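Visitor: My structure is below; once you've seen it, I'll send some questions.
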Amino acid sequence: MISTARYWFYIGLIVLVYIIGMFVTLLENDSAQFAVMAMRMVQENDFLSLFKGPEEYLDKPHMHYWLAALSYKIFGIHDWAYRIPGILSTLLGAYSCYGLGKLLYNKDVGRYASLIFMTAQTIVLANIDVRTDAVLTGFSIFSIWQLATYIEKNTLKSIILGAFGAGIAFSTKGQIALVVIGMAILCHLAYTRKWQQLLNWRVLVAILVFGLTISPMLYAYYHQFDLHPEKIIRGKDNRSGIFFIFWEQSFERMSGEGIGKNSSDFFFFFHTFLWVFLPWTVLALIGYWTKIKAFWQAKFAYKPNLEFLTVGGISILFLLISFAQFKLPHYMNVLMPLYAILSAGFLYVLHQQQKLKMAKIILGIQYFILGLVVIFTLLVSFYVFKLEHWYSYLFLLMALGLVAYFILKKETAYAKIVTVAIFSAVLLNGFMNAHFYPKLLEYQGGSTMAKKVREKNIPVDNIYKISEKYSWSLDFYNKKPVQIVSIPEIAKKNDVWVYATDDELKQLKDNGMVWDEQITVDQFRITRLQVKFLNPNTREGKLNKMHLVHLD
């Protein structure tokens, strides 16, 4: 269905988009926060303890931060270095989608699955706004692929690699990794009736490998929390890190206890899915419905040409996370590989069964999505954040010309679906990474202020703040967390700088403090975009200010 040359050309384009995004300024909150947490590990030479600002961090395990810290050790403390482990994990996830798609279907499905996974909107975004989900997703699908390979081929190597992948995923985000891997594999076992593979000495080897893999994380938790029952974490003492990661973590997420509730909407993840899997959403929805219908008609009897791993895993996991009281869009990332394989399998069935009418309907929707992408690109380029240089217009023209060339080439409807979708994703995200995000991040106060600090050679050791409000991007780009002090404490210091909001400046003034120099930058919560902010004519009214003042 797709030539090797075309496949690798697409892979090259997508990786180029990822590389462009590596050099974008880190976004607040999570990306910049996690980057600072890993930075502190390196600077303080403490790889066993996790801190979020002044507070001990008992939420997610250590692996993501260890990988980022390792990257810092090799390449230095840079935003692009922080993103390297996430991008490599995504590439591992893409290769695993290929491997699992090939195992369950064939080589063509594997290729399409990897392309679909790499271009799903939330996956591309996950390599810019890097959180723990990139590593979790990559190693979870790697584990599923290897364990499914063990079930089918009974190889020791596969179950060892599967256990290792599960260990890394668990050490990255906890129980959700085992739930995702376990549900997918149980669905595969239940449908293929190969339960005997569990009654094998190789399973004991896998348990041992898993235990060894998670042991560094468990030791770190034991060292930071279990050895210190006097520590108060989220209002409780006697907090066991090991008990937390094995038992409490997911229940706290499901109930909202400890971290709060942000959504009781049972359908949150359904309407979230409509955009996170773009431009493949319609293909996935029709593919899912077709697969469910096929199993219903077969009364779930085993048929060699059907697989239950993807649709079963998606159904159970989607239902489980929908009951959670704390929900965020990126929680769906770990399901994207399963959706990618399911969608690729459905696309292959369309081709094999020559369902041309349905293919043309899907293709029409893909053209519509591409049209919206082109309109958005032009709207941003000429209105929202205008292009400033002649070569920017040249690159835009070249990009649109490349898209037009491949869209106008004659192909079958099935191949054209993939071509249009991939170029929609590449055009949108290439433009976002190269232009939209850099312009948007000019309104992120912390990172913008860090540039001012460098330009004026302000000693970062002399910068303070009088509240515990986050300043992650300033912390990271200063390569030093801003110190928190009280107003009476700051009053005793000379020749210092204070990073403050409008209200905090008023507090300083009310306490009789004066300053001889003030630097002010724009501030906007860039992860919560608003139409009035995007409109240049009303943008000023949506901006706040951040200040850096010198107390002499």
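Each reported figure results from applying straightforward, stated rules to the coordinates on display, with no laboratory input. Since we're looking at a predicted model, the values are computed, not measured. Here the Cβ is made from the backbone with ideal geometry for all residues, glycine too, and neighbour counts use every protein chain on show.
Visitor: For a quick protection proxy, order the peptides 342-352, 99-109, 207-217 by their average other-Cβ count within 10 Å, most packed first. Working shown, then result.
Guide: On the way: 342-352: 22.6, 99-109: 20.9, 207-217: 16.2.
Averaged packing, sorted descending, gives the order 342-352, 99-109, 207-217.
Visitor: Out of residues 5 or more away from Gln523 or on other chains, whose amide H comes under 5 Å of its own, with H placed 1.01 Å from N in the peptide plane?
Guide: Asn544, Lys545, Met546
Visitor: Multiply the residue gap between Leu543 and Ile375 by 0.36 nm, knock off their C-alpha separation, and tell me the result in nm, one decimal place. Intermediate values should be presented prior to the final figure.
Guide: Details: separation 168, 0.36 × 168 = 60.48 nm, distance 2.60 nm.
Using 0.36 nm per residue and subtracting the Cα-Cα distance, I get 57.9 nm.
Visitor: Once label points are set 7 Å from the Cα along Cα→Cβ at both Tyr393 and Lys360, what is their separation, rounded to one decimal in nm?
Guide: 4.0
Visitor: Please sort 511-520, 82-91 by packing, taking for each peptide the average over its residues of neighbouring beta carbons within 10 angstrom, highest first. Intermediate results must be reported in sequence, preceding the final value.
Guide: Details: 511-520: 12.7, 82-91: 23.0.
Result, highest mean Cβ count within 10 Å first: 82-91, 511-520.
Visitor: OK, next. Taking only DSSP H segments of four or more residues, each worth -39500 (n - 2.57), what value at 222 nm results for the chain once the sum is divided by all its residues, to the nearest 500 deg cm²/dmol?
Guide: Values: 24 runs with 336 residues, N = 552.
Per the formula, -19500 deg cm²/dmol.
Visitor: Report the paramagnetic label zone for Phe47: residues of the range 166-194 whose backbone N is under 19 Å from a point 7 Å from Cα along the Cα-to-Cβ axis.
Guide: Once the point is set 7 Å along Cα→Cβ of Phe47, 167-173 turn out to lie under 19 Å by backbone N, inside the range 166-194.
Visitor: What's the angle, to the nearest 10 degrees (0 to 90), between helix 63-75's Cα axis and the longest principal axis of the chain?
Guide: Around 70 degrees separate the two axes.
Visitor: Place the peptides 327-338, 532-543 in order of packing, highest mean first, counting for every residue the other Cβ atoms within 10 Å and averaging per peptide. Each step should come with its number before you reach the end.
Guide: Numbers: 327-338: 23.0, 532-543: 13.1.
Top to bottom by mean Cβ count within 10 Å: 327-338, 532-543.
Visitor: Return the subset of Lys231/Lys542; Lys73/Lys451; Lys299/Lys416; Lys303/Lys409; Lys452/Lys506; Lys493/Lys542 for which the Cα-Cα distance in this structure is over 30 Å, preserving the input order.
Guide: Values: Lys231/Lys542 41 Å; Lys73/Lys451 23 Å; Lys299/Lys416 34 Å; Lys303/Lys409 38 Å; Lys452/Lys506 22 Å; Lys493/Lys542 34 Å.
Long pairs (Cα-Cα over 30 Å): Lys231/Lys542; Lys299/Lys416; Lys303/Lys409; Lys493/Lys542.
Visitor: I need to check one value: relative contact order of the chain, counting alpha carbon pairs closer than 8 Å and at least 6 residues apart, in percent. Intermediate values should be presented prior to the final figure.
Guide: Values: 797 pairs, mean separation 86.8, N = 552.
That works out to 16 percent.
Visitor: Which lysines does Lys327 reach when only Cα atoms under 25 Å apart count, and residues fewer than 8 places away in its own chain are ignored?
Guide: Lys52, Lys60, Lys173, Lys236, Lys261, Lys469
Visitor: A further question follows. What angle do you read, to the nearest 10 degrees and between 0 and 90, between the alpha-carbon axis of helix 156-173 and the longest principal axis of the chain?
Guide: It works out to around 30 degrees.
Visitor: Could you list which residues have their amide H under 5 Å from that of Val496, counting only those 5 or more apart in sequence or on another chain, with H placed in the peptide plane?
Guide: So Val496 has HN proximity to Leu551.
Visitor: A follow-up question, please. Among residues other than Glu504 whose Cβ falls under 9 Å from its Cβ, what is the net charge (Lys/Arg +1, Asp/Glu -1)? Display every interim value, and only then the final one.
Guide: Working: positive: Lys465, Lys469, Lys506; negative: Asp502, Asp503.
Result for the local shell: +1.
Visitor: Taking Lys153 as the anchor, which lysines have their alpha carbon closer than 16 Å to its alpha carbon, excluding any fewer than eight residues away along the same chain?
Guide: List returned: Lys102, Lys194.
Visitor: Could you size up the charge dipole of the range 419-539 around its Cα centre, putting +1 on the beta carbon of Lys and Arg and -1 on that of Asp and Glu, and report it in debye to the nearest 20?
Guide: Details: 17 positive and 14 negative charges, 75 e Å.
Dipole magnitude for the range 419-539 comes out near 360 debye.
Visitor: If you count the DSSP beta bridges with both ends in the range 444-551, what percent of them are antiparallel, to the nearest 5? Display every interim value, and only then the final one.
Guide: Numbers: 12 of 16 bridges.
The antiparallel proportion sits near 75 percent.
Visitor: Give me the distance in nm between label points sitting 7 Å out from Cα along the Cα-to-Cβ direction at Phe23 and Leu227, one decimal.
Guide: About 4.3 nm, to one decimal.
Visitor: Follow-up. On C-alpha positions alone, give me the angle between the axis of helix 445-455 and the longest principal axis of the chain, in degrees, nearest 10.
Guide: It is inclined by approximately 60 degrees.
Visitor: Can you tell which of Gly167, Ala434, Tyr348 lies farthest toward the positive end of the dipole of the chain, using +1 and -1 charges on the Cβ of basic and acidic side chains (Lys, Arg; Asp, Glu)?
Guide: Result: Tyr348.
Visitor: Mind sorting out which of [x] 0.99; [y] 1.09; [z] 1.17 is the real Rg/Rh (Cα atoms, Kirkwood Rh) computed from the coordinates?
Guide: [x]
Visitor: Take every Cα pair under 8 Å in the range 1-119 that's 6+ residues apart, average their separations, divide by the length, and report that relative contact order as a whole percent.
Guide: Numbers: 98 pairs, mean separation 28.0, N = 119.
Dividing the mean separation by the residue count of the range 1-119 yields 24 percent.
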